[in-house]
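Readers should treat all values here as calculations from the given coordinates under stated rules, not as data from a laboratory. This one's a predicted model, so the numbers in the text were calculated from it and none came from an experiment. FYI the Cβ positions are ideal-geometry reconstructions off the backbone, even for glycines, and counts take in every protein chain you see.
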């Protein structure tokens, strides 16, 4: 009886592993095709960005709808948070510091403002993550955003949740190019109505 359950468990596990591998190969194939032509959900704004892609599952969302963001690292190096002063984004004052890799930006008053990271570590929001956060070479990460902002307040432990609201958005990240400088890349803009 136990052996039969174990066999079923391992058979199911093998099916899941095969499905994940097939999905990874399919996403990579789509990415490679998109890197050779302009796709509807991808905007690359530097020649160095051919090794990284950021895309959303849709161009238009209703308020409260989940936004699915895919980050593909096709480079030979990990993508990690920018610890250099050379690349800066205009961040909301209550954004905090406990995040890495990519930020959701909203177009406001003629410019882009970083309002929320794709993900946060467990550190208080006013402290840096204790370990470097990275997307490994060849890795594909999928993030979901519930259209809320976590507003860092006071001691960094008190966090207020606010809706991001209607408007124009994009996802921004920095990648390290071959000369050792950071370049910014962005997803195609998306709209929350």
Expressed in angstrom and rounded, the centroid-to-centroid distance over alpha carbons for segment 55-74 and segment 134-165 is 14
Counting only backbone N atoms under 20 Å from a point 7 Å out along Cα-to-Cβ of residue 127, the residues of segment 146-169 in range are 150-160
Output ordering of 184-191, 56-63 (per-residue mean of other Cβ within 10 Å, highest first) is 184-191, 56-63
Descending packing, highest mean Cβ count within 10 Å first, for 142-152, 128-138 is 142-152, 128-138
Computed from the beta carbon distance with a Förster radius of 30 Å, FRET efficiency for residue 119 and residue 166 to the nearest 0.05 stands at 0.80
